[in-house]
Amino acid sequence: MADKEKNNYVSKDKLGKNFTHKKQIVKNNEVKDNKEMKEKNTSSKDIILSIKNASYRYSDAEENDYALRNVSFDFESGKIYAIRGRSGTGKTTLLSLISGLERCTEGEIIFDGKSLKDRNLDKYRNSDIGIVFQSYNLLPFMTASENIILSMDANGLKLKNKKEKAIELMEKVGLKETYADRKVLRLSGGEQQRVAIARSLSYNPKMIIADEPTGNLDKQTETEILEIFEKLAHEEKKCVIIVTHSQNVCDAVDVIYDLKKVAK
Amino acid sequence: MFILKNAWISIKRNKGRNILIGIIILIIACACTITLAIKNTAVDLIDSYKNAYDKEVTISFDRSNMMKDFDPSQSEGRENAREKFDNIASYTISDVLSFADSEYIESYYYTYGVGLNGNNIEKAEIESNNNMPNGFGHGKENNISSTDFTLTGYSSLDAMSEFINGTYTMNEITENAWDIAFDGNYVFINQELADYNNLNLNDKIVLEDEEGNTYEFEIIGIFKENEEGNGEPMSMFSNSANTLVTNASAVTSITTSNEDLQATINPTFIIDSYDNVEKLQDEFYEKGLDENFVLQTNEEIALSGVSSIENINSFATTFLVITLIIGGIVLFVINMINIRERKYEIGVLRTIGISKVKLTMQFVSELVIVSVVALVLGAGIGAVSSKGVSNSLLESEINSSNERTEEIGKNFGGPNGNEGMPDRGNRDEMRGKGMPVVQAYDSIDAVVDMKVLLELLGIGLSLVLVSSIASMVSIQRFSPLTILKERS
Ligand SMILES: Nc1ncnc2c1ncn2[C@@H]1O[C@H](COP(=O)(O)OP(=O)(O)OP(=O)(O)O)[C@@H](O)[C@H]1O
Ligand SMILES: [Mg+2]
């Protein structure tokens with residue numbers, strides 16, 4: 001890639017207006033080549049999640065038919081990342097590994113200094129990370145606030161007025177209080193995605209993972225939602241990882257990781 | 001607990017399905033309550049029927065054993081048989097006492113018979129008639145038949161089997177008869193003998209043995225024999241016309257005062273279990289019982305009355321099992337459909353970090369809440385209807401048991417069924433008072449009691465859990481990611 005600037009990788013100018021121009025783009029196979037240099041950097045960085053040589057093969061796939069092969073990425077707190085790649089390169093698969101919905105076939109993923117292998121993945125999902133899907137994945141028979149409260153319950157959050165907190169979160173992602181008691185099926189796609197983001201924030205996780213969160217939305221809405229993610233990363237120092245096809249999204253993030261199709 | 005909250009929300013959301021599940025469980029619960037009530041009643045009836053009979057063992061002569069050694073068609077063989085027959089050692093009262101001293105025997109009673117002649121009374125007979133009186137025991141008929149009367153002493157009320165089984169029934173009885181019947185020289189005599197000699201209650205009769213010793217007895221009751229085709233066809237008198245019924249100690253005092261008198265003893269042993277009869281028989285042989293005698297039990301008679309109840313009981317069991325199988329299959333299918341339809345929900349709940357265990361708990365709680373409500377309702381409806389259903393099914397058994405008790409009371413001289421008898425109650429206590437007590441069924445109503453309810457709850461909940469196992473397993477195996485992908 002022409003605009004690949006390895007030296008800017010260590011840029012501390014995270015909050016600068018021009019961070020998008022100093023963006024770093026890394027391909028999964030190249031990271032391996034620069035392993036030494038990377039490790040030198042990691043020691044000084046605030047790395048929250050580290051994928052180490054992860055490979056994944058679906059249980060019903062053939063012997064050598066890996067959906068992911070030797071992927072190594074690091075993610076830092078306070079940064080927003082895009083994972084980019086053609087269809088079928090394993091982006092969703094990678095996200096399911098990061099979110100602990102599947103376990104690596106080989107290699108490992110370390111979150112906050114502890115391997116996912118050693119973590120209770122349910123606990124990990126309901127307190128350490130928030131997940132946002134392209135198809136929102138809200139429970140349609142519940143209201144917006146009930147969906148958010150359900151997530152607080154799963155976390156075990158002890159809170160007197162959960163509904164108040166849910167409304168507060170909804171306002172944070174740009175939803176009026178009046179939406180709180182509406183069944184989610186009666187919200188627009190963009191509104192549903194905001195509810196889903198609010199849900200993922202309900203227990204204040206350190207990391208937000210989103211799989212094509214704006215895939216079904218128009219450009220204007222996409223921009224608004226991206227602003228929410230940017231705020232979360234840069235102001236609340238969360239690590240935000242977005243899987244995307246959208247150039248608009250890639251323009252907005254700090255680091256882009258490219259996934260290439262696994263050679264068969 | 002948010003699991004329960006979620007379960008409750010889901011129940012309300014899936015009203016239709018949950019009402020369907022509820023109705024199925026309600027029907028099962030209702031059917032189960034009724035069948036369990038019937039089964040319980042049947043088991044109670046069987047128990048009380050079995051308790052109504054003691055486990056009795058008697059000694060009887062083994063004719064087949066005797067016959068197999070000889071060919072009766074040859075006169076020589078017949079001679080041998082007779083000789084052999086006469087040589088069989090009978091058993092005496094002291095043998096019986098030693099037999100009774102066994103760990104298998106709970107109690108025993110006996111009839112003790114002795115042949116005597118009349119002193120102030122005459123034998124009821126027709127001159128030409130050569131009848132032998134009612135014989136006792138085996139091999140000793142000759143001795144007794146040479147006397148006019150058979151004095152039969154019973155050791156206790158239980159021994160008076162002729163009165164219990166209705167062969168004899170009391171016609172007249174003095175007021176205090178049962179208080180004194182087992183202690184002293186009192187007799188019950190046959191109506192025919194009373195008519196023949198013009199005897200009444202409280203009259204005294206005198207008997208004598210061959211050496212001329214006399215024994216005086218007071219009449220405290222007059223009975224009659226109910227002929228059921230067993231009497232000698234040529235006789236105008238029943239077999240027991242010359243039988244005098246008294247107590248065993250009266251006979252014992254006669255036999256001790258005159259040791260030459262031939263007495264016959266017929267013991268009945270009450271044992272703890274029919275399983276021990278073989279061991280008991282060996283023990284008797286060791287104690288000197290001739291091996292031509294064998295032990296016989298009343299097991300067949302005791303069990304004959306329960307077969308119809310047992311049929312009802314096993315029908316109820318079959319019905320119960322079929323109901324449970326069909327109900328289980330229907331619930332299983334509904335559960336599987338339920339889980340399939342709710343895959344997406346499961347996927348979402350799993351991705352937001354609700355563990356498999358909690359999710360399973362939620363689904364089980366939903367089922368348990370619905371089924372407990374339905375079980376309680378079903379048990380209520382079943383309880384209301386079970387009384388009628390099972391009482392009418394078992395009506396004849398319950399009635400016949402009550403009738404039987406009344407009948408026995410009458411045999412012993414009660415004027416109106418139970419009036420002459422003590423109430424059915426503590427048998428030993430009654431026995432202690434010397435009152436005739438024969439226990440039959442208690443009056444039993446088929447009722448849904450705590451036992452039935454607990455059984456039902458156990459059956460119901462295990463049915464629910466078993467039928468939901470498959471769906472629980474599928475929750476464990478769902479991969480949330482796949483489910484969510486399917487959706488999008
Ligand atoms: N459940 C599965 N079983 C077997 N193979 C699968 C399964 N899901 C995905 N794959 C395969 O794994 C590879 C990566 O799939 P994945 O869904 O991660 O792609 P993606 O990068 O998210 O694509 P898209 O941009 O179209 O969403 C694909 O080749 C796909 O066929
Ligand atoms: Mg995808």
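Worth pointing out:
- Restricting segment B:1-28 to residues that are among the hydrophobic types (A, V, I, L, M, F, W, C), within 14 Å of chain A (Cβ to nearest Cβ) and assigned to a helix (DSSP H, G or I), the residue that is nearest to B:GLY328 (Cα to Cα): B:ILE11
- Residues in segment A:80-101 that are away from every other protein chain (no Cβ under 14 Å) and either more than 12 Å from ligand 2 (Cβ to nearest atom) or assigned to a strand (DSSP E or B) (or both): A:ILE80, A:TYR81, A:ALA82, A:ILE83, A:ARG84.
- Test: residue in segment A:197-216 that is modelled with pLDDT under 95, more than 14 Å from chain B (Cβ to nearest Cβ) and within 16 Å of ligand 2 (Cβ to nearest atom): yes
- Residue within segment A:238-246 that is over 27 Å from A:ILE149 (Cα atoms) and either of a type outside the set (Val, Ile, Thr) or without any contact (Cβ under 8 Å) to a residue 60 or more places away in the chain (or both) present: yes
- Selection count, segment A:135-191, where residues are closer than 21 Å to B:GLY353 by Cα, among the aromatic types (Phe, Trp, Tyr) and out of contact with any Lys or Arg (no Cβ under 6 Å at 6 or more places or on another chain): 1
- Any hit, segment B:29-36, residues being part of a helix (DSSP H, G or I) and either charged (D, E, K, R) or free of Cβ contacts under 8 Å to residues at least 12 places away in the same chain (or both): no
- Only one entry in B:THR256, B:THR323, B:THR268 is more than 30 Å from B:ASP183 (Cβ to Cβ) and either touching a strand residue (DSSP E or B) at 6+ places or on another chain (Cβ under 7 Å) or among the hydroxyl-bearing types (Ser, Thr, Tyr) (or both), namely B:THR323.
- Members of segment B:473-485 found to be surrounded by fewer than 18 Cβ atoms within 10 Å (Cβ to Cβ) and in contact with a helix residue (DSSP H, G or I) (Cβ under 7 Å, 6 or more places away or on another chain), listed by number: B:SER474, B:GLN476, B:PHE478
- Filter result for B:ILE222 (in contact with a Leu (Cβ under 9 Å, 6 or more places away or on another chain), under 22 Å from B:ASP62 (Cα atoms) and in contact (Cβ under 8 Å) with a residue 24 or more places away in the chain): no
- The number of residues in segment A:104-128 being touching a helix residue (DSSP H, G or I) at 6+ places or on another chain (Cβ under 8 Å), under 26 Å from A:ILE256 (Cβ atoms) and away from ligand 1 (no atom under 14 Å from the Cβ) comes to 8.
- Evaluation of A:VAL132 against the conditions (1) surrounded by 21 or more Cβ atoms within 10 Å (Cβ to Cβ); (2) farther than 19 Å from B:GLN362 by Cβ; (3) modelled with pLDDT of 90 or more; (4) in contact with a Gly (Cβ under 8 Å, 6 or more places away or on another chain) shows that the sole unmet condition is (4).
- The lone exception for A:PHE133 - which of (1) within 14 Å of chain B (Cβ to nearest Cβ); (2) more than 30 Å from A:TYR179 (Cβ to Cβ) it fails: (2)
- Residue check, A:ILE167 away from chain B (no Cβ under 14 Å) and farther than 27 Å from A:ALA67 by Cβ: yes
- The one condition in (1) of a type in the set (Gly, Ala, Ser); (2) more than 7 Å from chain B (Cβ to nearest Cβ); (3) farther than 15 Å from A:GLU191 by Cα; (4) in a helix (DSSP H, G or I) that A:SER145 fails to fulfil: (3)
- Across segment A:58-79, the number of residues qualifying as outside any strand (DSSP E or B) and more than 10 Å from ligand 1 (Cβ to nearest atom) comes to 5.
- Those residues of segment B:44-101 which are at pLDDT 70 or above, loosely packed, with under 12 Cβ neighbours inside 10 Å and part of a loop (DSSP other than H, G, I, E, B), in sequence order: B:ASP101
- Among the residues listed as A:LYS123, A:LYS52, A:LYS160, the single one being outside any loop (DSSP other than H, G, I, E, B), among the charged types (D, E, K, R) and either more than 10 Å from chain B (Cβ to nearest Cβ) or in contact with a Ser or Thr (Cβ under 8 Å, 6 or more places away or on another chain) (or both): A:LYS52
- Of everything listed in (1) touching a residue at least 40 places away in the same chain (Cβ under 8 Å); (2) at the interface with chain B (Cβ under 8 Å from one of its Cβ atoms); (3) part of a helix (DSSP H, G or I), the single unmet condition for A:MET152 is (2).
- Residues being surrounded by 14 or more Cβ atoms within 10 Å (Cβ to Cβ) and over 25 Å from B:ALA100 (Cα atoms) are entirely absent from segment B:272-294.
The values are calculated or read from the model by the stated rules, or taken from the named source; none is laboratory data. Model, not experiment: these values are computed from the prediction. Using ideal geometry, Cβ is built from the backbone for each residue, glycine included, and neighbour counts are taken over all protein chains shown.
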